[in-house]
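The values are calculated or read from the model by the stated rules, or taken from the named source; none is laboratory data. These numbers were taken from a predicted model, which means no experiment stands behind them. A quick note on method: Cβ atoms are made from the backbone with ideal geometry, for glycine too, and the neighbour counts reach across all protein chains shown. The area values use the complete protein model at the heavy-atom level, side chains included, leaving out ligands, DNA and RNA. Shrake-Rupley method; radii C 1.70, N 1.55, O 1.52, S 1.80 Å.
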Amino acid sequence: MVGGTSLRGEVSVVGAKNSALKLMAGSLLAVGRTRLTNVPAIVDVTIMAELLRRLGCTVDYDADAGVVELDVPDTIQHQADYELVRALRASICVLGPLVARCGRADVAVPGGDAIGSRGLDMHAAGLETLGATVRVNHGYLIAEAPGGLHGGDIRLDFPSVGATENILMAAVLAKGKTRVTNAAREPEICDIAAFLCEMGAQIEGAGTSVIDVEGVSSLEAVTHEVVPDRIAAGTWAFAAATTGGDVEVVGAAPAHLRPALNLLAGAGSEITETDRGFRVTTLGRRSAFDVATLPYPGFPTDLQPFALVYNAVAQGSAMVTENVFEARFRTVQELARLGAEARVDGHHVMLHGVQRLSGAPVQASDIRSGAALVIAGLVADGVTTVGRASHIDRGYAGFAEALRGLGADVTREPDEEPFL
Ligand code: UD1
């Protein structure tokens, strides 16, 4: 891409990747036809659809319409293979539904995004409290509960999104009551809980730190609309603010993005809530701000690379702190190639804003770093090429087209290494 354009116009966001994938896994809990709408047109959904097919489901994914229809048979397989789990770490979310439905789940230990060390200890401990035995054998995490699951009291050491989801999706079909304390509170958790309740589950407290579940004997397949993608919406908010633009983000839920929007507003961008979402308007050079990532309702770790890029060209100095994942700072070394003044110190990055970056070839290391580096290219002189851009397709549908729609000079080269 060639830098120098302020983004202007409107852009749409659809349903959240991080909810859609879990809802697809959650559909395993009910025999019959689940229909999900507002599903993003991204590679990760294609991978999850394939994984569910291999478990025995029929899956129709109409990416243009944003609809996934899943037909779940009476009997499903309980093994999720390494090939697919490696391509999509989020596949671990089939663990809870499979053990609840089949009494056994064999899920390959995942790979996926190259960010930090991501343990599965809380997933395993949670399922053990619900009566499963959990072990690792030949690269598979195997959870067994031949006599079925029962309720239990689970206190998470950290409000893990994935562990909360797996426990919820197992507990809804367990006998008796389950309480999850220090549960994750992300809007995607609320979306999954709402979906499960529509199916007939009994869940209270989703969106707070204490979630109570009363197990039921069976669930029914339903139709459900995926919650808007707050990380995609936040990406566009940062893209607008970083480039000094004026963008309306249509389909977004600004209530799910408070800390990010408040920080941008406090640093010189005007944020207006509109009937359709929100609008970010900027005048002049924005100020730098310090930010620390935290579990929801804190500033999301998935927006941290965008905060780095923003601060790399903002007025003043900033410290960006990562509290959720270790070593999630691969964007920094690439930003340095573009002339950013940034230094990593443990889980902090110190930045001193420069007027403009200077275009160069860089490499994406995951979905968000890829998208953030594209935004960096928009505020860099000359041409920037983001390699391994297929990472971006995993989280954003038509990212380059959307940027062109906002006036950016961006082209997308064919994939070097497709994921599937
Ligand atoms: C999800 C999101 C990811 C987001 C993250 C935090 C999906 C597909 N991905 O990831 O985009 O960045 O939430 O908002 O929804 N941990 C353990 N043991 C466990 C589980 C987690 O130590 O059993 C640690 C992880 O290493 C990490 C932290 O807890 O440091 C947060 O992980 P978690 O909230 O589970 O993130 P994910 O569900 O993997």
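Taking a sphere under 15 Å around the Cβ of residue 334 and counting the other residues whose Cβ falls inside, with K and R at +1 and D and E at -1, yields a net charge of +4. Using Cβ point charges alone (K and R +1, D and E -1), the dipole size of the chain about the Cα centre works out to roughly 620 debye.
For region 17-215, the per residue solvent-accessible surface stands at 36 Å², with DNA, RNA and ligands left out and a 1.4 Å probe. Candidates 79, 94, 139 compared by Cα position along the dipole of region 17-215: farthest toward the positive end lies 139, with charges placed on Cβ.
Length available on full extension from residue 274 to residue 326: 0.36 nm per residue minus the Cα-Cα distance, which gives 15.1 nm. Charged neighbours of residue 240, selected by a Cβ distance under 11 Å, balance to -1 (K, R count +1; D, E count -1).
Here the sum of -39500 (n - 2.57) over DSSP H runs of 4 or more residues, divided by the residues of the chain, equals -9000 deg cm²/dmol at 222 nm, to the nearest 500. One chain, two ends: residue 177 and residue 81. Fully extended at 0.36 nm per residue, the span grows by 31.4 nm beyond their Cα-Cα distance.
Please give the net charge around residue 384, taking every other residue with its beta carbon less than 12 angstrom from that of residue 384, where Lys and Arg add +1 and Asp and Glu add -1. That works out to -1. Of the accessible area of region 17-215, computed with a 1.4 Å probe over protein heavy atoms only, carbon and sulfur atoms account for 46 percent. For the residues 123, 347, 391, a GNM of the chain with alpha-carbon springs under 10 Å puts the largest fluctuation on 347.
Modelled spin labels at residue 343 and residue 208, positioned 7 Å past Cα toward Cβ, are 4.6 nm from each other. If a helix is a whole DSSP H run, which ones in the chain reach 18 Å or further along their own axis (Cα) and hold a mean Kyte-Doolittle hydropathy of at least -1.0? Helices passing the filter in the chain: 230-243.
With the whole protein complex present, residue 218 retains an accessible surface near 80 Å², based on a 1.4 Å probe.
Calculated FRET efficiency, residue 281 to residue 404, Cβ-Cβ distance, R0 = 35 Å: about 0.95 to the nearest 0.05.
With the cut-off at under 16 Å, measuring from each backbone N in region 1-16 to a point 7 Å along the Cα-to-Cβ line of residue 336 picks out no residue. Please say if the chain is rounded, prolate or oblate, where rounded means a/c under 1.5 for a ≥ b ≥ c the square roots of the C-alpha gyration tensor eigenvalues, and otherwise the choice is prolate for a/b larger than b/c and oblate otherwise? Prolate is the answer for the chain, as a/c is 1.5 or above and a/b outweighs b/c. Pairwise Cα distances in region 31-162 exceed 17 Å for 61 percent of all pairs.
Connecting C-alpha atoms closer than 10 Å in a GNM of the chain, tell me which of 352, 138, 256 has the biggest fluctuation. Among 352, 138, 256, the largest GNM mean-square fluctuation belongs to 138.
Of the solvent-accessible surface of region 265-420, computed with a 1.4 Å probe and all protein chains present, 50% belongs to carbon and sulfur.
The GNM of the chain, with springs linking C-alpha atoms under 10 angstrom apart, assigns the highest mean-square fluctuation among 209, 27, 217 to 217.
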